Each structure stands twice: as structure tokens, then as C-alpha cells.
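Asks: Dropping a structure here in C-alpha cells format, bear with me for questions.
The values are calculated or read from the model by the stated rules, or taken from the named source; none is laboratory data. Everything numeric here is computed off the predicted structure, so don't read it as measured data. With ideal geometry, Cβ positions are generated from the backbone for all residues, glycine too; neighbour counts draw on all protein chains shown. Quick note on the areas: whole protein, heavy atoms, side chains included, nothing else; ligands and nucleic acids left out. Shrake-Rupley method; radii C 1.70, N 1.55, O 1.52, S 1.80 Å.
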Amino acid sequence: MRTRSHDEPLADLVARRGEALVRYAYLLTGDVAAAQDVVQDALVKVFVRLRTRPDADLAEAYVRRAVVSVFIDGHRRRRRFADVQHLLAEPDAGSPPDAATHLDLHAALATLGPQERTAIVLRYFEDLTVPEIADAMGLADGTVKRYLHNAIGRLEQRLGAMPTLRADDREALAVTSTGRRS
Amino acid sequence: MEFDLVGGLRDLGAAPDVPSDAVPLPPVLVRVRRGRALRTVAVTAGAAAVLAIGAVAYAAPWQPAPPAATPTSTATSGPEPEPVTITWWVGASPDALVGLWQTVAHEFEEAHPHVTVDLQWLNGSDPDHARPPAEPPDVFVQGGAGDLAAQVATGGLRDITDDVAAEVETIGGPVAPWMIGNRVYGLPYRFGIEGFWYNTELFEQAGIEGTPATLDELHDAIDTLKTVGITPIALGAGDGWPAAHYWYNVVLRTCSPDALARAQADLVFDDPCFVEAGELLAELIAAEPFQEDYLTTTSQVTTSSSAGLLATGQAAMELMGEWHPSVLAGNLRDITGDEDATAPEFLGWFPFPGVEGADGDPTAALGGGDGFAVSADAPDEAVDLLRYVLSEDVQRRFGESGAGLPVVPAAQDSVTDPNLQTVLEGMNDAAYVQLWLDTSYGPVVGGAMNEAIVALFTGAGTPQGIVDAMTAAAAAP
């Protein structure tokens, strides 16, 4: 039987950071219940395999990485991207709302594929570099840049211009966009 | 008008009502504890058939003998140890693996100048290596589980528990089939799980996106492939076990881990999940996904085998273990005559699909491994050779050979084939690895089970008939 001390790192992480982890996963799932499931799966995935007692920050970093992979794997298995394909059609030619809020962001994120959504969250919430995102998602740098480019294009169509974009993402847009935006 | 993406994401994360106990600890703890416990593979003490990989299954003419009354001389620390010959039988192995074992044998001899290692292997098409050694070898392939139990029962295997404590600690769960109780009688050098190897180009040609995650999606893929004239699944049912594995994999999806554990412990199969598995398999068979002569096709050795069909793009999928890329490479070498042929570029892998709403653990995987055991009257140097085989250095080279997945975790990044890496991830992600059911249940129940499953494929049997055959075999005196 496991001793209590063996489970302390897990119990500690759940108590201190459980809520924050669910809020993080919510950015990916768009739904709190789904986010709780993803976090639970991520915790199990990490702690079943940990052999040694982890440093608290390291444990959380592993779990945040696992949240991404559980989320992506869940979508790969369910092929839900095919189901939301129709939502990716260009929105009506009306102008974006006067003052887009995080609720509009929530709706806009829901129209992105899971990989695009993950790339946006890792870039603009976790503040990772493209190589770091590529590593976290198991993709090539170029693939990540493509996801970011496509995602930003869609988000801007729904929400308006986004001044807090990183300079290098904007450069990529300038080079590759084909005049979709006015 | 403008939108602040960074601020917006922050606000979005803070927005919803998330309670401070958003992640209840007890269910996570239960799953983690179970996951750690279940990573050890369940073993029964019944004798079992060992899965034959590669060449035709053979029966060794010997059983390892119990030690003589007076112990044979063991390695001493005298100034000049007596010359010693260790016979090492590695069974049916692809060429790349035989090459590795030969190198390992030479390196061991160099490190131990008084030792000669006599390496022997099986290669059906080479007259010098057409049968197992006539005398019981010192170090030899051992499939574990019931096969191990039978040899331990005759006293023929050396109890190596105290010698390999470090290796057991390193390898972890996969050692379980080579243990009886707490005593260790062998070590695995490879362990893997089964899944669908598939032709990514044929899938693309048919317009299939992604890979089937559920049995329903597998049925969809089968229909789509047939529409464009592609044989969906290659199956070598002529060998029996490839067909049986379909039932094993569906059982893993329909039966909860508890139901499986109970069935294994008591050899009682009255949980409805077993018949349910047969019904789902019958549906799959009725979809006619296999090549025309699948009932008589062999699975691996010949160019007209089911593996040959997959290798040459004549079928889109095949359900097989992690050894398959090296089998496919061998097929292509035979078919094309190109000595350097490797597994096809178009090869991909996905785990056995899930069954929505069923009781099984969706991450559970079916698998098994190969190992080596030491004869009870072998010299001590034989144990040293076994430990050398399981060293990180040799395990890395095993991984690099592409012949399979090493069991030593530190060596696992030596696996460069992206498909084998996917299999490795699937294995590491599996909360539960179930040994091949015929190995687990023993040759009496396993043999009856396999026959009854094949009968389902030929139309002579029923889902209930499989359970009835197993129950009758378990009850036989």
C-alpha cells in the first residue's frame, strides 16, 4: 500500500493549484466540466508514471504539458474537428461587434480547430516561443506558425484588429496574408 | 476597433465559476494508485502457449534439467578461472537481431577471456539453423507466464532474484510475467503492445481523415475503403492466433479491468462482457473487411502472407504487435530481392479502437514480450551475460535495430522509427497492459478459446460458443 507521504506531492498540487489548472484547461476546452475532466486525466497521466518525488513547480509544469496533450489526444480520438468544420466557414460580412469581450473571444476560440486553439493559448496565455510550443505539441516549428497564422486570421475577423500580437507573428502575417483583411 | 488578445485570454480564464475544490482529490488518487498497480501485468500460474513470432512454431526437444546433486563449478575468484562455455539460444530472430546478439556475445567474451559464448538461433530457411539445440542451453528465450511456470515447476530454471535486483528495479512492470510470486526466473528484453498498422497513402487515397477511434469509425473506414476498391484489412487467419487477437482486443474494450482480473484468477467467463465482445466481433466479420482467402492465408513468413499484402499496398490495415515493421521489412526483402529494404514509408499505427459506452478501460492495451531465462545448472557467468543483455548500452542498440521496443526506460529514446515511438507512447499511456489472453489463460483454456474464435470467423461458431468452449476447457480435469 502506498504511504501518505508518497501521495503528498499530488495532494499538494491539487489543493494549491487545482483551480488554476482547471481555468487553464478551460481556455482550451471552452467548458468547465470538460476542463475538470482534462485536468483529472492529466494529473493521473503524470503521477502514475512519476518514480521520484518531484519538485512542486516541476510537477505543475509536467501537468500543464499533460493538459495540452490530453486535450489534443482527446480531439484526435474523437475527430471532433471534422464536426466543427462547418463553423470554420467565413462569418457573415457584418462588421465585428463594437466592443468585443472575453465572451466573444470564447465564441471565437470555439470556431478554431483544437491544434489552432492550443497554439494560441500557449503563445498568448503561457507566453511560449514558437520552438517551445512546437516541443509541447509535438509538431514542427513551421506547423505551429501556420496554426498561429490561421488562428489569428480567424480571430481578427470576428473580434477586430489585435494590437497585442507579437511582432514576429504580425510579420509572418504581412508576408503571407493575401488581402483577406481590409 | 481593437481587441486585446492577451488581456482577453486572461479575462476568459478568470471568468467562469470554478470552485476552489475544482479537482476532487479522492478519485484522482484512486486512479493513480490503480494505474501504478495495474502497470504490473497480471500473470496466472497455468502452463501456456508462447506466442510464436516469425518462423513456424517449434517444440524444443529438451526441458531444462534440475541441477545435479553436486553443484557444477561456479565462477571463483581464483587467479585463473576455469574455461567456461555458455550456450545462448535466442530462438527465431530477424537477421538484424541475430547480428546484435552476435556482437553482444563477442563483447562478453572479450570482457571475460575465459568464457566462450556459443550463440544459436533459428532461421527456417538456413539449414544450419533449422532447429533448436539438441542439449538444454544455459541462457535461452523464455516467453514468461505459463511457459515459465512449467519450467520452474520441473526445477529447471535458476532463481535469479538476488542477482538481478537492480535490473528488476529499472525495468519495472514488464518483469511480472517472468516472476512466480516474488521470485524472478527470467528478464524480458522487449515488451510491446498491439495495434493497427496501416497504409497512410491508401487512407488518403480513400479520403479517410485521421484514424478510427471507435469501432463505429472503423466500420466507416472499412466501407469507405471498399467503395474505392481497396481491401480494408489483411488477416492471416490460417495461423489461428491473428484471428484470435481480434477477440482479445474487443474483450479488452467490453470488459472492465475488474471483470478481466476475476476471469483470469478463477478462469470463469460468465461476465456478459465476453459474449458482448463476440457479438461486436461477429458484426465486424459480417462487414467482410478481409482479403478473400483470409481463412487460409498465413500471417508472416511467406510473400503471400497477410503481412506481405500490407507491405505491398494490397491491403490498408493489419492488427499486429510492435514487431511488425521488421516483419514487413523482411517480406519486402524477400519480395523485391533488395537486401536493404526497410519497412514501407507509408506505414502508420493506431491503437485498437474504443467501444463507446463499454466497461473497458479505453487506454488498456494488449501486449507481451520476449525474455531470457537461465538454466538451473548453468555457470554463474550465464547470469552475467543476461545482465549484460539488459544493460542500457545493449538495450539502446536493440532499440536502434528497429526490431522492437527495449524495456529499459533509459534506452527507449533509442527508438527512432516514428511508428514505434507511437507504440511506445501508447504503451506508456496505457493504464493497463493485458498479456495475450492465450498466454494468460493457459494452453488448455487458451487453445479451446482460439479454436472457438476461429469458428466464429468461419461461421461455424457463435459468440456464446466461445465462452462455452473456454468454460468447458477450464472445467476439464
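Asks: What is the one condition in (1) more than 19 Å from residue B:280 (Cβ to Cβ); (2) in a helix (DSSP H, G or I); (3) among the small types (Gly, Ala, Ser) that residue B:259 does not satisfy?
Replies: (1) is the only condition that residue B:259 fails.
Asks: I need the full set of residues from the range A:20-40 which are surrounded by 15 or more Cβ atoms within 10 Å (Cβ to Cβ) and either more than 25 Å from residue A:105 (Cβ to Cβ) or aliphatic (A, V, I, L, M) (or both), in order please.
Replies: Listed by number, the residues that qualify are A:20, A:21, A:22, A:25, A:27, A:28, A:32, A:34, A:35, A:38, A:39, A:40.
Asks: Tally up the residues in the range A:131-160 that are surrounded by fewer than 23 Cβ atoms within 10 Å (Cβ to Cβ) and of a type in the set (Val, Ile, Thr), please.
Replies: Total satisfying the criteria: 1.
Asks: Specify the residue that is modelled with the lowest pLDDT; the eligible residues are those in the range A:61-118 that are outside any helix (DSSP H, G or I), open to solvent by less than 50 Å² (accessible area, probe 1.4 Å) and small (Gly, Ala, Ser).
Replies: Top of the filtered list is A:100.
Asks: Please determine whether any residue of the range B:205-218 is within 14 Å of chain A (Cβ to nearest Cβ), at positive phi, open to solvent by 30 Å² or more (accessible area, probe 1.4 Å) and without any contact (Cβ under 8 Å) to a residue 40 or more places away in the chain.
Replies: Looking through the range B:205-218, at least one residue is within 14 Å of chain A (Cβ to nearest Cβ), at positive phi, open to solvent by 30 Å² or more (accessible area, probe 1.4 Å) and without any contact (Cβ under 8 Å) to a residue 40 or more places away in the chain.
Asks: Got a sec? Which of B:235, B:284, B:309 is assigned to a helix (DSSP H, G or I), open to solvent by less than 60 Å² (accessible area, probe 1.4 Å) and modelled with pLDDT of 95 or more?
Replies: Among B:235, B:284, B:309, only B:284 is assigned to a helix (DSSP H, G or I), open to solvent by less than 60 Å² (accessible area, probe 1.4 Å) and modelled with pLDDT of 95 or more.
Asks: Mind counting the residues in the range B:177-204 that are out of contact with any Leu (no Cβ under 9 Å at 6 or more places or on another chain) and not basic (Lys, Arg)?
Replies: So the answer is 5.
Asks: Also, I was wondering about something else. Report yes if some residue within the range B:319-333 is more than 13 Å from residue B:234 (Cβ to Cβ), over 17 Å from the mean Cα position of the chain (by Cα), assigned to a helix (DSSP H, G or I) and among the aliphatic types (A, V, I, L, M); otherwise report no.
Replies: Yes - at least one qualifying residue is present in the range B:319-333.
Asks: Which of the numbered conditions does residue B:372 fail, given that it passes all the others? Conditions: (1) surrounded by 22 or more Cβ atoms within 10 Å (Cβ to Cβ); (2) over 26 Å from residue B:179 (Cα atoms).
Replies: (2)
Asks: Does the range B:417-426 include one or more residues that are surrounded by 23 or more Cβ atoms within 10 Å (Cβ to Cβ) and either in contact with a Cys (Cβ under 7 Å, 6 or more places away or on another chain) or closer than 30 Å to residue B:346 by Cα (or both)?
Replies: Yes: one or more hits.
Asks: Can I ask one more? If I filter the range B:357-368 for residues that are more than 28 Å from residue A:138 (Cα to Cα), buried (at least 18 other Cβ atoms within 10 Å of the Cβ), touching a residue at least 40 places away in the same chain (Cβ under 8 Å) and not polar (S, T, N, Q), do I get at least one hit?
Replies: yes
Asks: Here is a check on your reading of the model: is residue B:434 closer than 25 Å to residue B:327 by Cβ and assigned to a helix (DSSP H, G or I)?
Replies: no
Asks: Listed residues B:460, B:473; which is open to solvent by less than 20 Å² (accessible area, probe 1.4 Å), more than 18 Å from the chain's Cα centre (by Cα) and among the hydrophobic types (A, V, I, L, M, F, W, C)?
Replies: B:473
Asks: Let me ask another. For the structure I just gave you, tell me whether residue B:452 is buried (at least 24 other Cβ atoms within 10 Å of the Cβ), under 22 Å from residue B:239 (Cβ atoms) and at pLDDT 95 or above.
Replies: Yes: the conditions hold for residue B:452.
Asks: Which of the residues belonging to the range B:406-415 are assigned to a loop (DSSP other than H, G, I, E, B) and farther than 12 Å from residue B:171 by Cβ?
Replies: Answer for the range B:406-415, where residues must be assigned to a loop (DSSP other than H, G, I, E, B) and farther than 12 Å from residue B:171 by Cβ: just B:415.
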